[in-house]
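The values are calculated or read from the model by the stated rules, or taken from the named source; none is laboratory data. What you are looking at is a predicted structure, and each value in this text was computed from that prediction instead of being measured. With ideal geometry, Cβ positions are generated from the backbone for all residues, glycine too; neighbour counts draw on all protein chains shown. Calculation scope for accessible area: heavy atoms of the full protein, side chains included, ligands and nucleic acids excluded. Shrake-Rupley method; radii C 1.70, N 1.55, O 1.52, S 1.80 Å.
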Amino acid sequence: MFESLSDRLSGVFDRLTKQGALSEDDVKSALREVRVALLEADVSLPVARDFIKRVQDGATGQAVTKSVTPGQQVVKIVHDALVETLTGSDDPGKLKIDNPPAPILMVGLQGSGKTTTTAKLAKRLKEREGKRVLMASLDVNRPAAMEQLAILGTQIGVDTLPIVKGEDPVAIAKRAKTQAGLGGYDVYMLDTAGRLHIDQELIAQAAAVRDVANPRETLLVVDGLTGQDAVNVATEFDDKIGVTGVVLTRMDGDGRGGAALSMRAVTGKPIRFVGLGEKMDAIETFEPERIAGRILG
Ligand code: GDP
């Protein structure tokens, strides 16, 4: 993840740290290169601009050019600006699941990794927090998706709501709620249907489910490899349905990292988790410090 951005930036910073004394022009031209690297990584223009301004302000305030190790000073300022840009929530991994049974609504486009992420999070809640979780698939258009969740449930030892043919998503959500209450579950997760594009029906269905379930968390799963598109998808879902956080998947791939950097700044929504592979353990809490470290190599 972030390979290209990381390569570009480390090139710029290598030169800076080797250089010793820096003039204001050196810093300026380095920041121009940083800006280009950000844009190439598909970071949105206003976010890149804002980021550079933040670094510039930091560099001026801290009199980089007079410091003993000016190059390292710049790297530190860039690091801090990255952390600031990425930070969206004090405790991204903490899901609001008090008052059992707590509903968690999972939304996103088809193929984003929604079903996989639902199961990964259920496993985490079970193993790390000792929660009893019930998962339900609401994807009535794709029986294979319902089967997939059931298979993952068996694999990770988490219950899934039995599949009843012919039921609509709202009815399934109601049944999940009843079952979660009767069965003494702490959390029930609703894996809504995805589609290839955002359309009226997708939104109407997710909104109807939201209205009956009244979710404590609505997590949007987006493919981190899709860069700026991921941010656009998030903006639209948030406008139409309201989300409490974003899960960026495929961050193990060679995406350019722009989605992570732009997400909070553009949508105002925090990234809560990142998906790092197909396995059930391949998920991490989103940690700005760690991501900034990876970007800077
Ligand atoms: P859905 O249609 O949104 O429910 O997507 P799925 O959960 O079925 O995932 C689609 C494909 O992406 C599956 O093959 C998953 O194993 C894979 N996938 C999901 N998350 C990740 C991830 O973080 N990294 C990688 N490499 N693959 C993932």
Is it the case that some residue within the stretch 161-181 is closer than 25 Å to VAL246 by Cβ and hydroxyl-bearing (Ser, Thr, Tyr)? no
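Does the stretch 169-208 hold any residues that are of a type in the set (Val, Ile, Thr), under 17 Å from ASP239 (Cβ atoms) and touching a strand residue (DSSP E or B) at 6+ places or on another chain (Cβ under 7 Å), and which are they?
Matches in the stretch 169-208: THR192 only.
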Please work out which residue is most open to solvent (accessible area, probe 1.4 Å), limiting yourself to the stretch 95-120 and to residues that are within 15 Å of the ligand (Cβ to nearest atom) and at positive phi. GLY111
Within the stretch 267-287, which residues are more than 10 Å from the ligand (Cβ to nearest atom) and of a type in the set (Lys, Arg)? LYS269, ARG272
Among the residues in the stretch 121-137, are any assigned to a strand (DSSP E or B), more than 21 Å from ILE203 (Cβ to Cβ) and either open to solvent by 10 Å² or more (accessible area, probe 1.4 Å) or away from the ligand (no atom under 16 Å from the Cβ) (or both)? yes
